[in-house]
Amino acid sequence: MSDDEYRKLSEDEIKNALSKLTGWKLVDGKLNISLHFENFIQAFSFMTSIALEAEKMNHHPEWSNVYNQVEISLITHDLNGVSTYDIKLASIINKLRVAHGAKGDSRTAQPTNFNE
């Protein structure tokens, strides 16, 4: 998968990518992560950093923020599924979350079982 490749991923490709993306799960067909921070300023700073990277890619997350909690979902709507861009943005988000001191919090994310 090259950096500029833009295509929908198969279930096997998603499984493989998720095995390398700490904290991410597949929820309702979207890559999902829930994080918490020390305070609102850290959470909002993290979101601002993501916004700048997402704008460069022209690929934007679905997300919500309540005080120190941030929930992010990634899907490529025009491809109707998870794409190479979602994996790339998730990787960027993982680097930024470390830099911003995010803690994992999977209370809201229930993983998809491909075998169901």
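Only residues that are open to solvent by less than 30 Å² (accessible area, probe 1.4 Å) and either part of a helix (DSSP H, G or I) or touching a helix residue (DSSP H, G or I) at 6+ places or on another chain (Cβ under 7 Å) (or both): list them for the range 79-96, please.
Matches in the range 79-96: Val82, Thr84, Asp86, Ile87, Leu89, Ala90, Ile93, Asn94.
Here is a list of conditions, (1) at positive phi; (2) outside any loop (DSSP other than H, G, I, E, B), and Ser49 meets all of them except one; can you say which number that is?
For Ser49, the failing item is (1).
Can you name the residue in the range 73-102 that is touching a residue at least 24 places away in the same chain (Cβ under 8 Å) and among the β-branched types (Val, Ile, Thr) and, of all such residues, is nearest to Ile41 (Cα to Cα)?
Among those residues, the one meeting the criterion is Ile93.
Can you tell me which residue within the range 51-64, out of those that are open to solvent by 50 Å² or more (accessible area, probe 1.4 Å) and in contact (Cβ under 8 Å) with a residue 24 or more places away in the chain, is nearest to the chain's Cα centre (by Cα)?
Out of the qualifying residues, it is Glu62.
Kindly provide the set of residues from the range 67-78 that are touching a helix residue (DSSP H, G or I) at 6+ places or on another chain (Cβ under 9 Å) and either part of a helix (DSSP H, G or I) or farther than 17 Å from Lys30 by Cβ (or both), ordered by number.
Hits for the range 67-78 are Tyr67, Asn68, Gln69.
Answer yes or no as to whether Asn16 is out of contact with any Cys (no Cβ under 9 Å at 6 or more places or on another chain), more than 13 Å from Asn94 (Cβ to Cβ), without any contact (Cβ under 8 Å) to a residue 12 or more places away in the chain and not in a loop (DSSP other than H, G, I, E, B).
When the stated conditions are applied, Asn16 passes them.
Anything in the range 1-50 that is within 13 Å of the chain's Cα centre (by Cα) and surrounded by fewer than 13 Cβ atoms within 10 Å (Cβ to Cβ)? List them, or say none.
Residues satisfying the conditions are Lys20, Thr22.
The values are calculated or read from the model by the stated rules, or taken from the named source; none is laboratory data. Computed from a prediction, not measured in an experiment: that's the story for all the values here. Glycine also receives a Cβ, built like all others from the backbone with ideal geometry; neighbour counts cover every protein chain displayed. Keep in mind that these areas ignore ligands, DNA and RNA; they rest on the heavy atoms of the full protein, side chains included. Shrake-Rupley method; radii C 1.70, N 1.55, O 1.52, S 1.80 Å.
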